[in-house]
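Working notes, structure below.
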Amino acid sequence: MAKKAGLQAAAGSPLGNYLAYKAGTRKKEMRKTTGKPTAAERKRMGIAVIPFNKPVVAGPLGYYSTTITVWSANGRTAMGLSDAELGYAAPTGVSDSSGFFPAIIKPVRRLSTTPTNAGAISGITGEKYDYYATNSYSVPFGRRAANPTDTEETRRADLSDAAKAATPPAHTVGYEPEVWRHDPRSTAAPLAGTTAPTGAT
């Protein structure tokens, strides 16, 4: 579009750099990031939650197992999101979680109230700009044991508000709804006219 419009720019200028990038003659420089999770922080911890889209069952069988990374577990603790508020329990003696994907909130927190990387250089235009270093987390949640009538939307809103009220606050909170997917490993009767595979027990 720029070429068709006859747009011209001096080489090395912000517009010239942008047009070179669009033309494929200038590579985008990747911005260096800080605060990335370490190998230890990427490890997953087992937890269990009570789903929103299943009838509530008393006791451990009412819970389904899932995981959270050490990174996100530390982040939710720093935001004051407790086990009780997130609906967490130990994943012991719980129901089979095949095909279960819990609801998740995704808080993004700025590490400072002022730009921590002032004067960064755009990899596309070459211009200086300010941006805020951030940390993001993926935090599963379920019903609270003491409040079995919780709805997913109500808990999402309450937990998002709590994350935004933390210090420092989450300036955005993403969300993924609870999902149940068919597990092809589940046991089912053979279709009419078929036989079990040879060697099946």
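Below is a table of values for the structure above.
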{"quantity": "Segments 79-87, 61-69 sorted - mean Cβ within 10 Å per residue, highest first", "calculated": "61-69, 79-87"}
{"quantity": "Calculated from backbone phi, Karplus (6.51, -1.76, 1.60) coupling profile of segment 97-105 in Hz, x at Gly/Pro", "calculated": "9, 4, x, 9, 10, x, 5, 9, 9"}
{"quantity": "3J(HN,Hα) from dihedral phi, segment 48-64, Karplus parametrisation 6.51/-1.76/1.60, rounded to Hz, x for glycine, proline", "calculated": "9, 9, 8, x, 8, 10, 9, x, 6, 10, 5, x, x, 5, x, 9, 10"}
{"quantity": "R0 of 25 Å, Cβ-Cβ distance Lys36-Val179: FRET efficiency to nearest 0.05", "calculated": "0.35"}
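The numbers here are math on the coordinates, done by the rules we state, and not lab data. Not measured: the values here are computed from a predicted model. A quick note on method: Cβ atoms are made from the backbone with ideal geometry, for glycine too, and the neighbour counts reach across all protein chains shown.
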